[in-house]
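Q: I am attaching a structure below and will ask some questions about it afterwards.
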C-alpha cells in the first residue's frame with residue numbers, strides 16, 4: 001500500500017499544467033491545418049481576369065456576401081449553384097435578414113463578385129441589377145493583380 005502524505009495547513013499544492021498546455025497547442029495546430037481561411041470562399045473553376053489597376057480592399061465590411069459568377073450565368077454561393085441570376089433575389093433577402101439579426105443594415109453589406117474572366121460584362125451587370133433591386137448598394141469586383 002502506498003503512503004499517504006499529510007498536507008500541512010500552510011502548504012500549497014500545485015498541479016502540473018504541461019499536459020493540458022500540450023493538448024491545447026495540438027488542438028490549435030489541428031484546426032489551423034484543417035481550415036485555410038483565405039481559400040474558404042473561392043471556387044477553383046473561377047479564373048479571375050487580370051488588371052494592372054487592381055488594388056486590395058482598404059477595409060473589410062461588417063457583413064459580406066461573396067458570389068462566384070460563371071460564364072454561363074450560373075452563380076456559386078456558399079456551396080450551392082444557382083442556375084439563373086434572377087433566382088438570387090430570395091437568397092439576398094435571407095442574407096439581408098441575417099445581417100439585420102447581427103445589427104448590420106442593408107446599406108452596410110458589401111457584395112463581392114468574383115466573375116470568371118470569360119463571363120460577359122452583361123451578366124455581371126445583370127447580377128448587380130438584381131442586387132440593387134434587393135436594396136444592396138455596395139459592390140466589389142475581384143480580379144487578379146497583373147504584375148509587370
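Q: Which condition number does residue 91 fail, the rest of (1) closer than 18 Å to residue 139 by Cα; (2) at pLDDT 85 or above; (3) in contact with a helix residue (DSSP H, G or I) (Cβ under 9 Å, 6 or more places away or on another chain) being met?
A: Failed condition: (3).
Q: Would you check if residue 112 is part of a helix (DSSP H, G or I) and out of contact with any helix residue (DSSP H, G or I) (no Cβ under 7 Å at 6 or more places or on another chain)?
A: no
Q: Give me the residue from segment 115-132 that is touching a helix residue (DSSP H, G or I) at 6+ places or on another chain (Cβ under 9 Å) and under 20 Å from residue 61 (Cβ atoms) and, out of that set, surrounded by the fewest Cβ atoms within 10 Å (Cβ to Cβ).
A: Going through the qualifying residues, I end up with 130.
Q: While we're looking at this one, here's another question. Give me the residue from segment 72-88 that is under 19 Å from residue 121 (Cβ atoms) and touching a helix residue (DSSP H, G or I) at 6+ places or on another chain (Cβ under 8 Å) and, out of that set, surrounded by the fewest Cβ atoms within 10 Å (Cβ to Cβ).
A: The residue in question is 86.
The values are calculated or read from the model by the stated rules, or taken from the named source; none is laboratory data. What you see is a predicted model; the values in this text were computed from it and never measured. Because the Cβ atoms are built from the backbone with ideal geometry, glycine has one as well, and the counts that use them run over all protein chains shown.
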